[in-house]
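Read the structure below first, then the notes.
The values are calculated or read from the model by the stated rules, or taken from the named source; none is laboratory data. Quantities reported herein were computed from a predicted structural model and do not represent experimental measurements. When we count neighbours, we look across all protein chains shown, and the Cβ atoms used for this are built from the backbone with ideal geometry, even at glycine. The area values use the complete protein model at the heavy-atom level, side chains included, leaving out ligands, DNA and RNA. Shrake-Rupley method; radii C 1.70, N 1.55, O 1.52, S 1.80 Å.
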Amino acid sequence: MALEPRFHRVAALHRRFVNREDQRAIFDEELGKVGDGPRVLNVTGVGGIGKSRLLREFEQRAQSSCMVATLDLQVPAHRQQEDALAVLRMQFGRQGVRFDRYDIAYAVLWQRLHPHLGLTRRELPFVESSEVLTEVLDTAAGVPVFATAVGLIKLLDRGADARKRRRHLRTDETLGQLDQLPGADLVDAVTYLFAEDLRLSRKSRPYLVVIDAYDALGQAASDVWLRDLVAQLDQGLVVIASREPLPWRQYDPDWAPIIRTLPLEGLSMEARMELLTDGGVTDPHLREVIAQASVGVPFYLHLATDSENRRQVVSQDEIMQRFLQHVDPDERRYLELLSVTRTFDFELFNRLAQAFHLPAGRIAWERLTSYSFVYPASESRFQLHQLMTNVLRTRLSTAVNQEAHRVLHDLWNKRAHGTDAPTALREAAYHGLGAGVLSSDRLLDYADRIAALGGSQGVSGLVADLRDFLEQGEPDEALDQTARCLAAEAAVLLGDAEKINKLTPERSWSLTSRAGARLAVAAGHGRRIGGQTAEALNIYASVWEGREGPERHPAGLWSADLHMAQGRFRKAFHLASEVTADSPADAQALRGDLARLLHLASRFSYDFEKAEQHLRDAQTRYRQAGTVIGEALIKTNLAELLAWTDPVSAVAVAREAVEANNDLGALHEAGKAFTALGQAQLAIGHFDDTRTSLDHACRALEKAGYRSGRARAELVRASLHIRLGQADQAMASLRWAVDELVAVEVYPTLLIVAENLLGILQRTDDTISAAAQQARNDIEPLDSLEALEARMNEHLQGLLT
C-alpha cells in the first residue's frame, strides 16, 4: 500500500474542507489588539478536532510580523514553571531578545535550589546564548561561581567594558532584592523579570506565545504559574489550546475581557460526505455511517479514508480500530510500542524494534513519521497524538507494556551519561515505574542524581510523574511516602515551612525506610523554620535514635544544633561527637558543620580558646569540601570570636565577612557580621562607628526575620548605651532583647548577660531577673555554671571598660 502518498492526499483534503478563513480573521483581529494589556485567544474543541494544526497555522501566519515562541504542555518538562520559562527564553533569545535581568534571576533561583553546586557553563540550559552569564563565567576564569544577584553583578563590573553597559543592572530595584526574597517570591520574581525583559526588548515587533495541550497540566492548581505568566505578557498575544474553555474567569473576573474563546466545531455533514467521497469511500450508506460516527472530527475522517477495509462502523473508537486493522501488522506493532513513550526518536524506535524482533531501519521510520498523528516534539524527537496513544496503549498486554518500559528504561539510563543527563534520568525513572522495576530507594537515587547534576526542576517533574503513576495504579504507601519526601525536600530548599508542614502531618512517616527517614528530617526542618523548636527537636531525635544509615546524620547534626542553641552544651558536645564518629571520613562538609557547632557551643560558654580550636578544625574541613558557603560562615564566626579576644583585628575580618555574605545573599549572616563589627568598634572606643554598624546589623537581621540574631545586636546596643551613660536607653534595649530571646527559646546564656548588664547599670527588673534564673536552670554547662559565669563576667568587663 502506498501510505505516504495517501497521507499527502488526506492533508490536501483537510485543507480543502476545513474552512479556516473565519478563524484566521479572528486571529488577525486579536493580533491587531496587542500592546494594551494581556490578550488571550483560547482555541477550544474535542481531541482530534484540529487545534494543534490550527496553532501551527497561526505560528506560520505570524512569523513575518511577530516574534514567535511555543510551549507544548504534553512535553513533561514544559509543565514546570522554571523549565517552561527557560524554553521560551531560548526561543525569543534566538530572535534577538536580551534577557539580562531574567538570566541573572534564573541563575539565582538555580543556585537557591542547588546550594551544593557552583555555577559553570554546563549547569544552565541557556548559558551559551546569554551574553550576561557568559561574561560572568569568562570573568570568573573557570572558577565555579556561587550565583547570587550581588555576586553576579560584582563579577560583571570586573569585565573589561561592562561598567557603562551594566549600570542598569546595578541600579535595578528588583535585582537588588532577589537575594533576600523567600523561595516562593523568588520564583515569582523570575517570572516577572522574564516578562519585563521581553517587554523592554519588544521594540516595534509584537510577540506571539503559542501554548498547546493546556489540559496536560491536570488539576486547576497546576496552572497558577501559567496564569501568573500570561497576566504579565501584556505586549503580545497568547494562544492557548484546550478542550474546554479556560476556567480562569472563575478565579478572577478581570480575565473576562482578556480571553476570547475560539471554539472549533466538527465539519458539516455536507463537508464530511464530500471529504469521504474524495478520499475514496464510494458506498453512500457507508459514507453516511462514517460521517455520523466521526461527529465531524477531522482526525477520525482522515483515519477512515486511510482504511481499505470499510465495514460497518458506528463510533469514533471503531474508526480508530478499523484504521489499525488496516495498517501493516509490523507498522501497527511499532505504533503500539511507541505509545509507551512520551517522546521518541530514531534510536529509540530502532531499539524497541530490535527488542521485539521487528524489522527496523530508515524506511520504516519515515513511513511512521509521515502520519498526521505523529508530530514533532522538542530536541528533534516526535510524539503521537494523544487520542492515538490512548487507543494504542489499550492494545498492549500488561507483560508487553512492562517489557517496553523496561527497554526504554535501559536506553534512557545509558543516555544519562550524555549532555542532557537530568532529562534522561527523569525519563529513565518514568519508564522504570512503568516497568515495575523501581523501588522507593531507587527512585530516591534517581532524584539525588538529578539534583547533584543541577536539575532540581527535574526532581519536581519526577515527583509529578510519580504522583500520576500512583493515581493510575494501586495504592502504594512506600511510593506515596517517596513522593512526599521529594516534594518536602524541595520545599526545604525554598524555606517554605507551610508547604513542608502540609506534606508532613504529625507522624505521617515511617522510619523503617530511607524515604520515611528523609521525610521526617524534612518535617523537622519545617517545624524549625516555622519556630516550633521543641517539636523540631523531637522529630530530629526520633530519626537519630531510630534509624541507621546516612539519613540520621543531618538529624543528629540539627539535634545537636538545637541543644547548643538552647544551652544544653554538654548534650550538644556528646551528640556531635557521636554523629562525627558515625559519619564517613570523607563527609568533610558534614564534619565541618559539626566542628563549627562545637565552636558555637564553646563560644556561648565563653571558653574562647576551645572555640578557636574548633573553628580552625571547621575551616580545614570546609576547605577540603570546597564549600563556598562554609568559608563565609567561618569568616562570620571568626569575626564574632575576635570581637571578644582581639577587637582591633576583628574590624577587618568583620568587614570581609559582611562582603562575603552579601555576595552569597546570606542576609542573616551579614547581619551577624555587622553585629560583630559593632562590638569590636565598641571595645576599642569608636562609638559613632559602633552605632552605624549596629544600625546596619539591625536592618539586615530584621529583613532576614532572624529574631535571635536581632536580639543579640540589641544587647550590644545596650552595652553601647551603658558606655555612653544612657541608662534609660540601655534598659529599653535590655528589655526588648530579653523578650525576644524568651519568645524564641534560644541562647539562655545571653539572658544571663542581660542580667549582668542590668547589674552594671545598678538597676532592677523582675522580668529580666526571672528570665536569667530560668536560663540558669536550663543550661547544661561543659564544666560548671559558676565557671561559665566567671568567664562571662570577665569578658563583659573587658567590653565595657
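For Leu438, all conditions in the list (1) part of a helix (DSSP H, G or I); (2) more than 18 Å from the chain's Cα centre (by Cα); (3) surrounded by 15 or more Cβ atoms within 10 Å (Cβ to Cβ) hold save one; what is the number of the exception?
(1)
Can you tell me which residue in segment 386-403 is nearest to Asp83 (Cα to Cα), limited to those that are modelled with pLDDT under 90 and open to solvent by 40 Å² or more (accessible area, probe 1.4 Å)?
Gln386
If we scan segment 261-271, do we find a residue that is at pLDDT 85 or above, open to solvent by 20 Å² or more (accessible area, probe 1.4 Å) and either on the phi < 0 side of the Ramachandran plot or of a type in the set (Val, Ile, Thr) (or both)?
Within segment 261-271, one or more residues are at pLDDT 85 or above, open to solvent by 20 Å² or more (accessible area, probe 1.4 Å) and either on the phi < 0 side of the Ramachandran plot or of a type in the set (Val, Ile, Thr) (or both).
Of the numbered conditions (1) surrounded by 20 or more Cβ atoms within 10 Å (Cβ to Cβ); (2) touching a Phe, Trp or Tyr at 6+ places or on another chain (Cβ under 9 Å); (3) hydroxyl-bearing (Ser, Thr, Tyr), Tyr214 satisfies every one except a single condition; which is it?
Evaluating Tyr214 over (1) surrounded by 20 or more Cβ atoms within 10 Å (Cβ to Cβ); (2) touching a Phe, Trp or Tyr at 6+ places or on another chain (Cβ under 9 Å); (3) hydroxyl-bearing (Ser, Thr, Tyr) leaves (2) as the failure.
Consider Leu537 carefully, then state whether it is open to solvent by 10 Å² or more (accessible area, probe 1.4 Å), at pLDDT 90 or above, aliphatic (A, V, I, L, M) and assigned to a helix (DSSP H, G or I). Give the steps one after another, and end with the answer.
Values: open to solvent by 10 Å² or more (accessible area, probe 1.4 Å): yes; at pLDDT 90 or above: yes; aliphatic (A, V, I, L, M): yes; assigned to a helix (DSSP H, G or I): yes.
For Leu537, the condition - open to solvent by 10 Å² or more (accessible area, probe 1.4 Å), at pLDDT 90 or above, aliphatic (A, V, I, L, M) and assigned to a helix (DSSP H, G or I) - is met.
Residues that are open to solvent by 20 Å² or more (accessible area, probe 1.4 Å) and within 30 Å of Asp778 (Cα to Cα): which helices (runs of 4 or more DSSP H) entirely in segment 577-695 hold 1 or more of them?
Details: elements: 588-604, 608-625, 628-645, 647-664, 667-683.
Of the helices (runs of 4 or more DSSP H) lying wholly inside segment 577-695, those with at least 1 residues that are open to solvent by 20 Å² or more (accessible area, probe 1.4 Å) and within 30 Å of Asp778 (Cα to Cα) span 588-604, 608-625, 628-645, 667-683.
So how many residues does segment 21-72 have that are open to solvent by 50 Å² or more (accessible area, probe 1.4 Å), outside any loop (DSSP other than H, G, I, E, B) and closer than 24 Å to Leu85 by Cβ?
1
Limited to segment 474-485, what total is found for residues that are of a type outside the set (D, E, K, R), open to solvent by 40 Å² or more (accessible area, probe 1.4 Å) and either more than 15 Å from Ala520 (Cβ to Cβ) or assigned to a loop (DSSP other than H, G, I, E, B) (or both)?
The initial filter retains those residues of segment 474-485 that are of a type outside the set (D, E, K, R), namely 475, 478-479, 481-483, 485.
If we keep only those that are open to solvent by 40 Å² or more (accessible area, probe 1.4 Å) as well, we get 475, 478.
With the extra rule that they be either more than 15 Å from Ala520 (Cβ to Cβ) or assigned to a loop (DSSP other than H, G, I, E, B) (or both), the set shrinks to 475.
So the count comes out to 1.
If I ask for residues that are open to solvent by 10 Å² or more (accessible area, probe 1.4 Å) and of a type in the set (A, V, I, L, M), which ones from segment 701-714 would you list?
Selection gives Ala704 alone.
Is one or more of the residues making up segment 770-779 open to solvent by 30 Å² or more (accessible area, probe 1.4 Å), closer than 23 Å to Leu642 by Cβ and touching a residue at least 40 places away in the same chain (Cβ under 8 Å)?
Let us first name the residues in segment 770-779 that are open to solvent by 30 Å² or more (accessible area, probe 1.4 Å), namely 770, 773-774, 776-778.
Among the residues that remain, those that are also closer than 23 Å to Leu642 by Cβ are: none.
Within segment 770-779, not a single residue is open to solvent by 30 Å² or more (accessible area, probe 1.4 Å), closer than 23 Å to Leu642 by Cβ and touching a residue at least 40 places away in the same chain (Cβ under 8 Å).
Mind listing whichever residues of segment 328-344 are open to solvent by 30 Å² or more (accessible area, probe 1.4 Å) and at pLDDT 90 or above? Talk me through it step by step, then tell me what you get.
First pass over segment 328-344, keeping only residues open to solvent by 30 Å² or more (accessible area, probe 1.4 Å): 328-330, 332-333, 342.
Passing the criteria: Arg333, Arg342.
Out of all the residues in segment 405-421, is one or more among the acidic types (Asp, Glu), open to solvent by 10 Å² or more (accessible area, probe 1.4 Å), closer than 30 Å to Thr120 by Cα and outside any loop (DSSP other than H, G, I, E, B)? Full working, then the answer.
Keep residues of segment 405-421 that are among the acidic types (Asp, Glu), which gives 410, 420.
Then keep just the ones that are open to solvent by 10 Å² or more (accessible area, probe 1.4 Å); that gives 410, 420.
Right, trim to closer than 30 Å to Thr120 by Cα and you get 410, 420.
Still in the running and outside any loop (DSSP other than H, G, I, E, B): 410.
Yes: one or more hits.
Considering only segment 228-244, state which residues are surrounded by 15 or more Cβ atoms within 10 Å (Cβ to Cβ), under 23 Å from Gly45 (Cα atoms) and not hydrophobic (A, V, I, L, M, F, W, C). Reasoning before the result, please.
Initially, segment 228-244 is screened for residues surrounded by 15 or more Cβ atoms within 10 Å (Cβ to Cβ), giving 228-242.
Subsequent filtering for residues that are under 23 Å from Gly45 (Cα atoms) retains 230, 237-242.
The one that is surrounded by 15 or more Cβ atoms within 10 Å (Cβ to Cβ), under 23 Å from Gly45 (Cα atoms) and not hydrophobic (A, V, I, L, M, F, W, C): Ser242.
Of the residues that make up segment 361-375, is at least one hydroxyl-bearing (Ser, Thr, Tyr) and under 20 Å from Glu471 (Cα atoms)?
Scanning segment 361-375 turns up no residue that is hydroxyl-bearing (Ser, Thr, Tyr) and under 20 Å from Glu471 (Cα atoms).
Yes/no matrix, rows are residues, columns are (1) touching a strand residue (DSSP E or B) at 6+ places or on another chain (Cβ under 7 Å); (2) under 15 Å from Val75 (Cα atoms):
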{"residue": "Ala355", "(1), (2)": "no, no"}
{"residue": "Gly361", "(1), (2)": "no, no"}
{"residue": "Thr369", "(1), (2)": "yes, no"}
{"residue": "Ala377", "(1), (2)": "yes, yes"}
{"residue": "Gln383", "(1), (2)": "yes, yes"}
{"residue": "Thr389", "(1), (2)": "no, yes"}
{"residue": "Arg393", "(1), (2)": "no, no"}
{"residue": "Ala399", "(1), (2)": "no, no"}
{"residue": "Gln402", "(1), (2)": "no, no"}
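If I go through segment 700-726 residue by residue, how many of them are more than 18 Å from Ile752 (Cα to Cα) and either touching a Lys or Arg at 6+ places or on another chain (Cβ under 7 Å) or touching a residue at least 60 places away in the same chain (Cβ under 8 Å) (or both)?
5
Considering segment 73-102 alone, what residues qualify as being β-branched (Val, Ile, Thr) and either within 13 Å of Phe194 (Cα to Cα) or crowded, with 23+ Cβ neighbours inside 10 Å (or both)? Even if it seems obvious, please write down each step before you answer.
Start the filter on segment 73-102 by keeping residues that are β-branched (Val, Ile, Thr), which leaves 75, 87, 97.
Selection gives Val87, Val97.
How many residues, within segment 415-435, are farther than 23 Å from His78 by Cβ and at pLDDT 95 or above? Steps first, please.
The first filter runs over segment 415-435 and keeps only residues farther than 23 Å from His78 by Cβ, leaving 417, 435.
Within this subset, residues satisfying the condition of being at pLDDT 95 or above are 435.
Final tally of qualifying residues: 1.
So which of Leu387, Leu392, Leu396 is within 37 Å of the chain's Cα centre (by Cα) and outside any helix (DSSP H, G or I)? Full working, then the answer.
Details: Leu387 fails: outside any helix (DSSP H, G or I); Leu392 fails: outside any helix (DSSP H, G or I).
That would be Leu396, the only listed residue that is within 37 Å of the chain's Cα centre (by Cα) and outside any helix (DSSP H, G or I).
Do the conditions hold for Gly495, that is, is it in contact with a helix residue (DSSP H, G or I) (Cβ under 7 Å, 6 or more places away or on another chain), in contact (Cβ under 8 Å) with a residue 24 or more places away in the chain and not in a helix (DSSP H, G or I)? Steps first, please.
Values: in contact with a helix residue (DSSP H, G or I) (Cβ under 7 Å, 6 or more places away or on another chain): yes; in contact (Cβ under 8 Å) with a residue 24 or more places away in the chain: yes; not in a helix (DSSP H, G or I): yes.
Here the answer is yes, as Gly495 does meet what is asked.
Condition check: under 20 Å from the mean Cα position of the chain (by Cα) and assigned to a helix (DSSP H, G or I). Does Leu186 satisfy that? Can you show your working first?
Values: under 20 Å from the mean Cα position of the chain (by Cα): yes; assigned to a helix (DSSP H, G or I): yes.
Spelling it out, Leu186 is indeed under 20 Å from the mean Cα position of the chain (by Cα) and assigned to a helix (DSSP H, G or I).
Can you tell me which of (1) at pLDDT below 90; (2) farther than 26 Å from Val108 by Cβ; (3) β-branched (Val, Ile, Thr) is the one Val492 doesn't meet?
Tallying (1) at pLDDT below 90; (2) farther than 26 Å from Val108 by Cβ; (3) β-branched (Val, Ile, Thr), Val492 fails exactly one: (2).
Considering only residues that are crowded, with 24+ Cβ neighbours inside 10 Å, of a type outside the set (A, V, I, L, M, F, W, C) and touching a Pro at 6+ places or on another chain (Cβ under 9 Å), which ones fall in segment 540-563?
Answer for segment 540-563, where residues must be crowded, with 24+ Cβ neighbours inside 10 Å, of a type outside the set (A, V, I, L, M, F, W, C) and touching a Pro at 6+ places or on another chain (Cβ under 9 Å): just Tyr540.
May I ask you to list pairs of residues, at least six apart or on different chains, whose Cβ atoms are under 9 Å apart, with the first in segment 93-116 being in a loop (DSSP other than H, G, I, E, B) and the second being of a type in the set (Asp, Glu) and modelled with pLDDT of 90 or more?
If the second residue must be of a type in the set (Asp, Glu) and modelled with pLDDT of 90 or more, the pairs left are Val97/Asp197; Arg98/Asp197; Phe99/Asp197.
Considering each residue of segment 782-796, count those that are under 11 Å from Ile752 (Cβ atoms) and either touching a Leu at 6+ places or on another chain (Cβ under 9 Å) or in a loop (DSSP other than H, G, I, E, B) (or both), and give that number. Lay out the reasoning, then the answer.
First pass over segment 782-796, keeping only residues under 11 Å from Ile752 (Cβ atoms): 785, 788-789, 792-793, 796.
Filter again for either touching a Leu at 6+ places or on another chain (Cβ under 9 Å) or in a loop (DSSP other than H, G, I, E, B) (or both), leaving 788, 796.
Of the residues in that region, 2 qualify.
So Gln566 clears everything in (1) open to solvent by 10 Å² or more (accessible area, probe 1.4 Å); (2) under 32 Å from the mean Cα position of the chain (by Cα); (3) not hydrophobic (A, V, I, L, M, F, W, C) except one condition, right? Which one?
Looking at each condition in turn, Gln566 falls short on (2).
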